[in-house]
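Participant: Below is one structure. I have some questions about it.
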Amino acid sequence: MTAIDQGFMSPRTGLLDRVLNLTRGSAEKRADRAIPDSVPLHLDVPALPGFRQDAPTERPADEPRPLSISAMTAPIKPISLRRDSIYAAFNTAMPVTDRHGLAGRNSELEKLVEAIVVQRKHAVIFGTRGSGKTSLARVFGDLADEAGCVALYASANGEADFDSLFRPFLTELPMSSTGQERARKMMSEPLDVSRLSALLVEEVRERSILIIDEYDRVQSDTAKQEVATLLKLLTDIHSPVQVVLVGIASDIDGLIAAHPSLRRHLASQRVTAIPKPELERLLLACAANARLSIDEDALDMLASAAMGSPYHARLFGMSSALVTEVGLRDRMTLGDVEEGLVSALHDWSDMSTATHALFQRILWEAGSSRRMIALAAVVASQMSAISYERLVKLGHEVLGGGSINEAQARDAMTRLAPALVATPNGELWMFEDTLAPQFLLLMAKQPVPAAPPVQTPAEEMRALLKGVDGL
Ligand SMILES: Nc1ncnc2c1ncn2[C@@H]1O[C@H](COP(=O)(O)OP(=O)(O)OP(=O)(O)O)[C@@H](O)[C@H]1O
Ligand SMILES: [Mg+2]
């Protein structure tokens with residue numbers, strides 16, 4: 001797949017490495033493309049070479065101790081390299097680009113290949129922040145390359161309009177020299193939907209797939225309308241070009257205002273929670289790359305706390321591994337994970353002060369609704385979005401009890417409201433910070449403090465303003 005550097009982009013995860021893999025499909029490669037159900041995870045972040053756990057070599061007793069400065073500082077070296085290898089192995093910033101490092105997404109990959117490559121549909125890949133959308137899209141792009149398509153990848157930004165979304169692809173698309181000439185002329189003015197669709201249909205010579213990541217950042221409604229119109233036109237005229245839009249959303253409407261007739265030609269791929277055994281495999285593979293092992297109960301606690309999110313699994317794994325490293329051990333214990341989770345929560349609270357303060361306050365004030373607030377965190381992590389109805393239904397199923405769930409669900413929704421945003425159809429609510437539910441659950445599991453949480457400076461100021469203009 002070819003990743004395009006649009007120059008104007010500032011992607012959230014710094015994904016702008018250029019050409020990844022330009023293999024083209026042969027019949028054998030196509031046959032090769034089957035996605036096995038369970039293969040060992042080979043993460044593309046190897047351990048740094050300097051850290052070894054080889055048995056120490058015996059030194060004869062009568063041999064003098066080396067007194068040189070470099071020998072005296074020698075023990076420090078492996079420790080810092082070991083930290084480096086932990087950061088590299090559990091890296092949360094790099095999307096997966098190699099299919100062998102992608103945990104728990106085989107059925108999603110198969111569905112995408114079937115819909116886009118075989119059935120020639122456009123597609124929307126959506127999910128919460130850090131759920132693995134980019135990783136899935138990029139590995140899909142490589143599979144599409146191997147199936148004989150040209151997969152091109154780019155990221156959108158907030159100011160993007162129709163022109164800036166598609167212009168970068170034009171120079172990369174496989175076109176005849178007349179087509180390239182036509183594209184060059186077209187690029188002297190802003191791109192227009194119908195002329196672009198005509199160019200793509202008439203001049204593109206190979207099956208091509210345009211992947212636009214971070215599409216949720218596009219603000220302009222006009223741009224979104226034009227993209228939907230382009231997809232419809234390309235569908236109607238059997239274009240060799242398919243478009244894949246990738247972004248944060250709880251449903252397809254959150255990303256694209258699709259014409260009803262376009263919907264039939266649009267595959268939607270939700271990026272959901274990864275099953276716990278797959279997350280455990282991922283954690284073990286990361287730990288092995290950092291030359292660590294993990295106790296069974298520690299592994300269980302880590303994977304449970306991540307609630308299906310590969311981002312949180314890596315983050316919590318990294319914090320816990322650093323605790324193991326500080327203890328100069330190579331086996332991660334339950335105690336390390338408990339400490340690691342507290343440290344991860346602390347780091348998150350530094351970055352998300354307002355949300356953390358809100359969670360702290362509502363958990364302290366919630367009383368018996370506390371368990372419903374915790375359930376809201378679990379539901380958000382598993383289903384992207386929550387609602388009063390969902391909480392009541394799942395409250396009955398998960399927590400038992402009767403009508404108490406209704407009062408508690410209403411209370412939980414009201415208390416959480418400042419941290420939620422409505423989905424486009426207005427029926428459901430997502431956490432504005434979609435990484436927050438895992439941290440909310442960690443907070444809900446902590447003992448209730450005896451005293452109310454200390455107010456943040458902003459809360460103190462708000463208290464001082466009480467009474468002004470209805471505050
Ligand atoms: N299936 C997976 N197997 C292993 N690691 C994964 C998987 N999916 C995602 N990750 C890891 O989780 C982190 C987040 O992944 P990625 O960037 O793909 O998520 P995203 O949904 O695109 O995030 P964002 O919403 O910020 O764009 C990365 O460190 C990535 O390596
Ligand atoms: Mg992404």
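All of the numbers you see were taken from the coordinates with simple rules; none came from a lab. Every value quoted in this text rests on a predicted model; they were computed, and no experiment measured them. No Cβ is skipped: glycine too gets one built from the backbone with ideal geometry, and neighbour counts run over all protein chains shown.
Participant: Rg/Rh for region 353-459: what does it come to with C-alpha atoms and Rh from Kirkwood?
Facilitator: On the way: Rg = 13.3 Å, Rh = 13.9 Å.
Computed over Cα atoms, the ratio is 0.95.
Participant: Could you derive backbone 3J(HN,Hα) for region 219-230 from the dihedral phi with the Karplus parameters 6.51, -1.76 and 1.60 (θ = phi - 60°), listing whole Hz in sequence and x where the residue is Gly or Pro?
Facilitator: Running phi through 6.51 cos²θ - 1.76 cosθ + 1.60 with θ = phi - 60° gives 8, 6, 5, 4, 4, 5, 4, 5, 5, 4, 5, 4 Hz.
Participant: More than 25 Å apart: what percent of Cα pairs in region 105-271 qualify? Could you put the intermediate results ahead of the total?
Facilitator: Working: 3326 of 13861 pairs.
For region 105-271, the share of Cα pairs beyond 25 Å comes to 24 percent.
Participant: Moving on to the next point. State to the nearest 20 debye the size of the charge dipole of region 129-271 about its Cα centre, where the only charges are +1 on K and R beta carbons and -1 on D and E beta carbons.
Facilitator: Numbers: 16 positive and 21 negative charges, 50 e Å.
So the magnitude is around 240 debye.
Participant: Would you mind checking the pairs 111/224; 232/393; 121/276; 133/276; 133/185; 111/232 and listing those with alpha carbons more than 29 angstrom apart?
Facilitator: Cα-Cα > 29 Å for 232/393; 121/276; 133/185; rest within.
Participant: Under the rule of at least 5 residues apart or a separate chain, name every residue whose amide H is placed under 5 Å from the amide H of residue 155.
Facilitator: Close amide H contacts, sequence-distant or interchain: 6, 213.
Participant: So, with +1 on the Cβ of K and R and -1 on the Cβ of D and E, and no other charges, what is the size of the charge dipole of region 279-358 about its Cα centre, to the nearest 20 debye?
Facilitator: On the way: 5 positive and 12 negative charges, 57 e Å.
Here the size comes out at about 280 debye.
Participant: Tell me the relative contact order for region 275-349 as a rounded percent, counting alpha carbon contacts under 8 Å between residues six or more apart. Write down the numbers at each step before the final one.
Facilitator: Values: 94 pairs, mean separation 24.2, N = 75.
Computed over region 275-349, the figure is 32 percent.
Participant: Using the alpha-carbon centroid of each, what span in Å lies between region 263-278 and region 135-185?
Facilitator: After rounding, the separation between the Cα centres reads 23 Å.
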